[in-house]
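Enquirer: Here you go, one structure.
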Amino acid sequence: MIRRALGEAGGKRRRDVISKMFFSASIAMIFTVLVGTAAQFFDGIITSRFLGNDAYSAVALFGPLNGIFLMLASFIASGNQILCAGYIGEGKKNAANGVCSFCVLAGLLAAVLLILLCLAVPDPLLAYCGVTREANPVLYENMLSYMRGYLFGVPALIAVQIIGPIVILDNGKRLFSASALVLCAADVALDLVNALVLHGGTFGMGLATSLSLMIQLVMLAAFLLRRGGRSRFSLGALQPKEMAELAKAGFPTLVQSLAISLRDVSINRLNLLFAVSTAAIVARGVQYDFNMVLFCISDGIANTMVSMAGIYHSASDKVGLRRVFTYGMGLSARFAAVTFAAVFLLAPQIAGFYTADAQTASLSVFAICCMALSQLADIPICVYINYLKGIRKHRVVILLNVMDRFVFPVASAAALAFLFGSKGLLASIALGKLLLSGMILLILCLKTGRFPKSAEQYMLLPERFGGSSAENLYGSAFSIEDVLRERQRVEEFCLKSGSDAKSAMRMALFLEEMAGNIVQHGKTGGRKASGAEYRLFVSDGRICLTLRDYNQAFDPTAWRPADSAGLSGGGTGIRMVMALAEEVRYFNAFNSNNLILWLNTAKDSHSGKN
């Protein structure tokens, strides 16, 4: 499905600004999520090795309650990420800061309420995890102790989920990855200190995780609040209507989390009902555990897709959004193919890591191969759903999330388990993704009135989104010769679009000055400058120039004469552009500079500041 529509993306080798931003951010996100997952595995290994099976069982069974914490965090974080990406794409830094600040406060308040609830009525919450004081007294005490230690870190857990994507947007992908490594290393070290030195039991294991989360939060908060940084704590720009938008944007993620919880409970019960041996139960556990690891790939690319799609969608940049979409889907398809091949070939070795029993190993290999097959569809579908989330197709996203995370997996598991027993249930993970692929095709056929064959038909954008081709001009410049050529094109385009000669000359001058500075003086950390890309767009009686480059951060709207060292003409051109433009906005995201300038296009206009 994806391969036919996006074949052009796989064949493109051009490393443009968008592909650089997308790839580097995706790798950082994948690495960070993978390290966080590894920390959970180390937690279990150390607890099992040094504290025994009862302690390990308590930590493992705490998962559903931790899922509630993460569900609430993802609800707030998703809304924050979508709204902030939109405001950043419009150059509204203050509005983005206001939304993020509100989300952090709301997350911390929610964390405090959850902590009080857990301390006040722990029994119903532990019963939700399947453990009661009467039936499992030893397990109950271990879980209660672990929960009390873990609760110290709940505010940090929620805050990290909220501000993590903002750190990536604010060019902090390396710091974000480093913070995940520090989290993992601190968690392992503190777990060992607790087990071997302090002998703090499960309370100490929970506290070790809490302290690790606090360390990661301090690193991320220090980055966002650094001197000279773009992110600021501010509620002044927040409007009441944005709270409703936050809830609306985050609701699909909340539905997804609820669907996942219901799916896991339902399939676990089906597994217990149809499993013909303990080996089948173990094989399902192996499949589930390893699927969590592979989910880091789709989660990393999908998180990048949400932010970047939101930025270009808010700017009504159809060509830019199309490049984000095709590159992101092409990248997901390539990752899916490599993941399938690697996991399928290494399935015996992976199963052998979990068990030495022949029957269990055989079923586990089958389970892993089925899971590998599902990745061919799962990674691209997850990224596609997050693209739809980024462009705020909330209803479609909710429908796909419910079908993907609950209806199709449970229906497939029930049907195949009834027909083929344990192997059928293990194979259902692939069937569910096949059914979802068919449903996406059906939705697209109904929306477009035909079988989708091009990227635009998969993107589900309104017909007039971003204006017609006559209202847009795109170009790039990698040399002074390119700049002079594009200056001429800009002036001609403005005149054809109804602009007076004075405004057309000014807009051409804006491009020449700003793109010329980028080509001559742009720096990319010691490498050759990447050049500049631009878009000219006529809308609502105004003409807008968007200029983008992948060099070191430089905000011309905040430029001062004292900063003019190395700039052509002592910065006179920049001062002139800032004075003559009707409106100017700048934002820096994913290590790219983005400058937006407006002028009036009317022939009788005398716009501009004189």
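Enquirer: Expressed as an acute angle from 0 to 90° and rounded to the nearest 10, what is the orientation of the C-alpha long axis of helix 240-274 relative to the principal long axis of the chain?
Expert: Its long axis makes an angle of about 30 degrees.
Enquirer: Hey, fewest Cβ within 10 Å first, where do Asp264, Asp54, Asp317, Asp187 land in order?
Expert: Ordered from fewest to most neighbouring Cβ atoms within 10 Å, Asp264, Asp54, Asp317, Asp187 come out as Asp54, Asp264, Asp317, Asp187.
Enquirer: Got a sec? Which residues in the stretch 362-378 would a label at Leu441 touch, if it sits 7 Å along Cα→Cβ and we count backbone N under 15 Å?
Expert: Only 377-378 pass the distance filter.
Enquirer: Additional query: Could you please rank His521, His394, placing first whichever residue has the fewest other Cβ atoms within 10 Å of its Cβ?
Expert: Fewest to most other Cβ atoms nearby, the residues stand as His521, His394.
Enquirer: State which entries of Lys92/Lys248; Lys93/Lys173; Lys248/Lys453 exceed 22 angstrom in Cα-Cα distance in the structure shown.
Expert: Over 22 Å apart, Cα to Cα: Lys248/Lys453.
Enquirer: If packing is taken as the mean number of other Cβ atoms within 10 Å per residue, what is the order of 200-211, 162-173, 64-75, highest first?
Expert: 162-173, 200-211, 64-75
Enquirer: Okay, moving on. By a straight-distance test (C-alpha under 16 Å), which aspartates and glutamates pair with Lys389 as possible cross-link partners, with residues fewer than eight away in the same chain excluded?
Expert: Answer for Lys389, where 16 Å is the Cα cut-off: Glu245, Asp299, Asp404, listed by chain and number.
Enquirer: Match the structure shown to one of the listed values [x] 26.5, 85; [y] 30.9, 102; [z] 31.9, 98 of Rg and Dmax of the Cα atoms in Å, computed from it, and give that label.
Expert: Of the labelled values, this structure produces [x].
Enquirer: Could you tell me what % of all Cα pairs in the stretch 263-466 have separations over 24 Å?
Expert: So the pairs more than 24 Å apart make up 45 percent of the total in the stretch 263-466.
Enquirer: To continue, here is another question. Ranked highest first by the average count of other Cβ atoms within 10 Å around their residues, in what order do 424-433, 449-458, 292-301 fall?
Expert: Numbers: 424-433: 23.6, 449-458: 14.7, 292-301: 20.4.
Per-residue mean Cβ counts within 10 Å order the peptides as 424-433, 292-301, 449-458.
Enquirer: Taking a cut-off of 17 Å between Cα atoms, list the aspartates and glutamates near Lys496, but don't count ones fewer than 8 places away on the same chain.
Expert: Glu471, Glu486, Asp540, Asp604
Enquirer: For the chain, what is the percent of antiparallel DSSP beta bridges, rounded to the nearest 5?
Expert: For the chain, the DSSP antiparallel bridge percentage is about 100.
Read the figures in this text as sums done on the coordinates, not as results from a lab. If you're wondering where the values come from, they're calculated on a predicted model, not measured in any experiment. FYI the Cβ positions are ideal-geometry reconstructions off the backbone, even for glycines, and counts take in every protein chain you see.
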